[in-house]
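The next block holds one structure in the form of structure tokens; read it before the comments.
No lab work stands behind these numbers, since they all come straight from the coordinates. These numbers were taken from a predicted model, which means no experiment stands behind them. Positions of Cβ are backbone-derived with ideal geometry, glycine not excepted, and every protein chain shown enters the neighbour counts.
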Amino acid sequence: MALAAPRGLTLVAAESCTAGLLAQILCDAPGASSRFHGSFVTYTKLQKAHVLGVSAELLRCKGAVCVEVAGAMAAGALAHSPADIAAAITGVAGPEPDEDGNPVGRVCIAIAARGRPTEAFGRLYADHGRDAIRRRAVADALAALAASIAAAPAA
């Protein structure tokens, strides 16, 4: 939040495998109530489509864990909130691969900012358990979010 405040930016999150952990960490920061609009926790494909507007066709063809879906989640979070920047995380925390065959530890993260192209990337974390995968995903999302905030024009 300390990076967002001087630029007058607000944030929103869209989470799947992290189940709200990104929101929790963002809310722990001083000033969160004036900079953070909230988080959409969309654990299922149906919820990603219904709440965030992720294309059902995209979900059927690519599955829920891909950079395209992460990007659509971030764009959907922006479309359904007044925030300036959205971070999205989708992945497989385990203990088993998902229904599309994605392995435990595969995570995709996206950052969408109004007026800029969405950036998305994938990671394959070692399977050291659900909690470790979630924490790694959140750390990478926070780093990407910080980079996007730093690249935003000053208010």
Note to self: What is the sum of charges, Lys and Arg at +1 and Asp and Glu at -1, for the other residues whose Cβ falls under 15 Å from the Cβ of residue 126?
What the structure shows: +3
Notebook entry, point to check: With the chain treated as a Gaussian network of Cα nodes joined by springs under 10 Å, which of 145, 46, 22 yields the largest mean-square fluctuation?
Noted result: 46
Notebook entry, point to check: Which distance in nm do the two modelled labels at residue 29 and residue 62 give, with both placed 7 Å along the Cα-to-Cβ direction?
Noted result: 2.6 nm
Check: Any idea what the relative contact order of the chain is, in percent, if you count C-alpha pairs under 8 Å spaced at least 6 apart?
Finding: 25 percent
Next item on the list: With a cut-off of at most 15 other beta carbons within 10 Å, and DSSP calling the residue loop, which trypsin sites (Lys or Arg not before Pro) in the stretch 55-155 qualify? Please list them.
Entry: 114
Check: Volume per residue, Å³, of the convex hull around the alpha-carbon atoms of the stretch 5-77?
Finding: 81 Å³
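Could you tell me the relative contact order of the stretch 54-111? Use alpha-carbon pairs under 8 Å, at least six residues apart, and round to a whole percent. Show your work: numbers first, answer last.
Numbers: 85 pairs, mean separation 21.0, N = 58.
Computed over the stretch 54-111, the figure is 36 percent.
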Notebook entry, point to check: Farthest toward the dipole's positive end in the chain, which of 14, 107, 3, given Cβ charges of +1 (Lys, Arg) and -1 (Asp, Glu) about the Cα centre?
Noted result: 3
Check: Using the per-residue mean of other Cβ atoms lying within 10 Å as a proxy for protection, in what order, highest first, do the peptides 30-37, 3-10 fall?
Finding: 3-10, 30-37
Note to self: If I take R0 = 22 Å and measure r between the Cβ atoms of residue 96 and residue 44 in this structure, what FRET efficiency does the formula 1/(1 + (r/R0)^6) give, to the nearest 0.05?
What the structure shows: 0.90
Note to self: Between 0 and 90 degrees, rounded to the nearest ten: what's the tilt of helix 67-79 against the longest Cα principal axis of the chain?
What the structure shows: 40 degrees
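One quarter of the convex hull surface, Cα atoms only: what value does that give for the chain in nm²? If you can, show how the numbers build up before the last one.
Numbers: hull surface 32.3 nm².
Quarter of the Cα hull surface area: 8.1 nm².
Within the stretch 4-151, what percent of beta bridges assigned by DSSP are antiparallel, to the nearest 5? Can you show the working numbers first?
On the way: 13 of 22 bridges.
Just about 60 percent of them are antiparallel.
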Notebook entry, point to check: Relative to the longest principal Cα axis of the chain, at what angle does helix 130-151 sit, 0 to 90 degrees, rounded to 10?
Noted result: 40 degrees
